[in-house]
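Right, one structure below, let's go through it.
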Amino acid sequence: MSKTIQLSGKNAANPGPSELTFGTGGYDPAFFDQLARIEDRHFWFRARNELIFELSRRILLSLKPCDRVLEVGCGTGNVLRVLERACPNSTVVGMELWLEGLRYARSRSGAALVQGDIRNLPFGRRFDLVGMFDVLEHISEDQETLRLVHESLRPGGKLLLTVPAHQFLWSYFDDAAGHCRRYSSEGIRRKLEKAGFEVEFLTEFMACIFPLVWGYRKLSGLGKKPNSIRQLASEEFRLLPVVNGLLVGMLSLEAKWVSRGRALPIGTSLLAVARKAA
């Protein structure tokens, strides 16, 4: 199936060819509506954005120049706005497989937007920084995808990556979200190194919600029929004001700790900064 690349936004540039061909991904685009309603307030997205903002700024300072930034799987544009603030003098491009996500991203971000697939990159030039935020776990060919991301970076360029941690945390949520796997620290390190990256920083994060996630998902999934899995996953996006506010504060402290390059021993997610050798 052929799709036409669509560009929009104040930073729009001509990154390459105008058409590409790709298949479907492992994500249900029906989730975009719900995500767009809660991402700005939900503790998980707020904490991840804070961490991405701080690390992107630090990476920007280490890269000279840092003219071109790409987010692979930009979804509704929630993180694109963070990258635009962190990299104000760079051309920021958001690439998303699903047009449903790009419709939201267009109204939330001024970045250039591209409908495309990482497995068929449409760009003629390489990037200084590539971000993939909870995208890799949806792609069956994750090793090949990391190799392609490596090729999309200029020498010395960096990848900022987040993925879900620990296969033993697998639950109905992973099934509903279309995940292919969860990762261990050593597993993602091996895959990054095999793709040609030098891993500069690797840590788990979302440590303070680890027992909550383990307990809630294991207990909630007991005895549930398959047709209730999507409903269970959707319930995790509910906003409980007091609980949400408390977790926002706790995870904000955690994000500040990790953004200073300090690793955590446990968490429900993994974060890596990896470099393409110059």
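For the chain, a crude dipole built from +1 on the beta carbon of Lys and Arg and -1 on the beta carbon of Asp and Glu, taken about the Cα centre, is about 480 debye to the nearest 20. Put a dot 7 Å past the Cα of Arg147, heading toward its Cβ, do the same for Arg126, and the two dots end up 1.7 nm apart. Counting only DSSP beta bridges with both residues in the chain, the antiparallel share comes to about 50 percent. Tell me which of His42, Leu63, Val79 sits at the most positive position along the dipole axis of the range 27-83, charges placed on C-beta atoms (Lys, Arg +1; Asp, Glu -1). In the range 27-83, that residue is Leu63.
Normalised by the number of residues in the range 157-278, the mean separation of alpha-carbon contacts (under 8 Å, six or more apart) gives a relative contact order of 52 percent. Dipole size of the range 121-260 about its Cα centre, with +1 on Lys/Arg Cβ and -1 on Asp/Glu Cβ: approximately 120 debye, rounded to the nearest 20. For the residue pairs Lys64/Lys194; Lys64/Lys256; Lys218/Lys276, the alpha carbons lie more than 28 Å apart in Lys218/Lys276. Between Phe173, Leu153, Gly187, the Cα set farthest toward the positive side of the dipole of the range 125-241 (charges on each charged residue's Cβ, about the Cα centre) is that of Phe173. The calculated FRET efficiency for Glu200 paired with Gln231, based on their beta-carbon distance and R0 = 45 Å, is about 0.65. Which of Gly94, Gly131, Gly249 ends up with the largest GNM mean-square fluctuation for the chain, with Cα atoms connected below 10 Å? Maximum among the listed residues: Gly249. So what is the calculated 222 nm ellipticity per residue for the chain, using -39500 (n - 2.57) for each DSSP H run with n of 4 or more, over all residues, to the nearest 500 deg cm²/dmol? Value at 222 nm, helices only: -12000 deg cm²/dmol. Rounded to the nearest 20 debye, the dipole magnitude of the range 99-197 is 420 debye, with +1 charges on Lys and Arg beta carbons, -1 on Asp and Glu beta carbons, and the Cα centre as origin. Shape analysis of the range 165-278 places it in the oblate category; the axes a ≥ b ≥ c from the Cα gyration tensor give an a/c of at least 1.5, with a/b not above b/c. For Arg68, the residues whose amide H sits under 5 Å from its own are Thr91, Asp128, Leu129, ignoring neighbours fewer than 5 places away on the same chain, with H placed 1.01 Å from N. Computed on the range 146-217, with alpha-carbon pairs under 8 angstrom and 6+ residues apart, the relative contact order is 35 percent. Helix screen, the chain: DSSP H segments with Cα axial length of 20 Å or more and mean Kyte-Doolittle hydropathy at least -0.5 are 43-62, 241-259. Whole-Hz Karplus values for the range 167-176 come out as 4, 6, 8, 4, 8, 3, 5, 5, 5, 5 Hz, taken residue by residue from phi with 6.51 cos²θ - 1.76 cosθ + 1.60 and θ = phi - 60°; glycine and proline positions read x. In this calculation the C-beta distance from Phe168 to Trp257 is compared with R0 = 35 Å, giving a FRET efficiency of 0.90.
Here is the list for the range 111-210: GluC sites (Glu not before Pro) lying in DSSP coil, each with at most 14 other C-beta atoms within 10 angstrom of its C-beta, are Glu141.
Each value in this text was obtained by applying a stated rule to the coordinates, not by laboratory testing. The structure displayed is predicted, hence computed values, not measured ones. Neighbour counts run over all protein chains shown; Cβ positions are idealised from the backbone, glycine included.
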